[in-house]
1. Just to be sure I understand the filter: pairs with C-beta atoms under 6 Å, separated by 6 or more residues or on different chains, first member in region 31-50 and over 14 Å from residue 1 (Cα atoms), second member at pLDDT below 95 and surrounded by fewer than 15 Cβ atoms within 10 Å (Cβ to Cβ). Which pairs pass?
2. So which residues in region 49-60 are within 14 Å of the chain's Cα centre (by Cα) and within 20 Å of residue 19 (Cβ to Cβ)?
3. Give region 1-26 a look and list any residue that's without any contact (Cβ under 8 Å) to a residue 60 or more places away in the chain and assigned to a loop (DSSP other than H, G, I, E, B), or say none.
4. Out of (1) modelled with pLDDT of 95 or more; (2) within 23 Å of residue 86 (Cα to Cα), the odd one out for residue 38 is which?
5. Limited to region 58-83, what total is found for residues that are in contact (Cβ under 8 Å) with a residue 24 or more places away in the chain, within 20 Å of residue 15 (Cα to Cα) and not in a loop (DSSP other than H, G, I, E, B)?
6. Give region 31-48 a look and list any residue that's over 15 Å from the mean Cα position of the chain (by Cα) and over 14 Å from residue 10 (Cα atoms), or say none.
7. Looking at region 49-59, is at least one residue at pLDDT 95 or above and touching a helix residue (DSSP H, G or I) at 6+ places or on another chain (Cβ under 8 Å)?
8. Can you find a residue that is modelled with pLDDT of 95 or more and at positive phi anywhere in region 68-89?
C-alpha cells in the first residue's frame, strides 16, 4: 500500500519487483492515479511466494473499508514511515 502522506490518499497494487515499482511511483514514471494524487510513500507491504496469492490479497485489500486499511498500515507502520528506504538495505 502506498500513501500520499499519513492518513492521505491510498493506493493498493501488486508487483513482482517492489523496489522497482515504488521507484516508478516516486518518479511519476507512469502517469495516472498515483502521480495525479502524489502517492509516493510505501507504507505497508506483504511479500508472497506465488503471484496468484498476491493478486488474491490485492483484491481482498481493495474491498476493505478505509479504516480497515489504515488499521493494517498502523499495525505494521504506526508512524507511516516510507518503507521504501528499508527495502534497499
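1. From region 31-50, the pairs are 35/28.
2. 54, 55, 57, 58 - these are the residues of region 49-60 that are within 14 Å of the chain's Cα centre (by Cα) and within 20 Å of residue 19 (Cβ to Cβ).
3. 4, 8, 9, 12, 13, 14, 15, 16, 17
4. For residue 38, the exception is condition (1).
5. The qualifying residues number 7.
6. 31
7. Scanning region 49-59 turns up no residue that is at pLDDT 95 or above and touching a helix residue (DSSP H, G or I) at 6+ places or on another chain (Cβ under 8 Å).
8. Taking every residue of region 68-89 in turn, at least one turns out to be modelled with pLDDT of 95 or more and at positive phi.
The values are calculated or read from the model by the stated rules, or taken from the named source; none is laboratory data. Small disclaimer: the values here were computed from a predicted structure and weren't measured. Cβ: placed from backbone, ideal geometry, glycine included. Neighbour counts: every protein chain shown.
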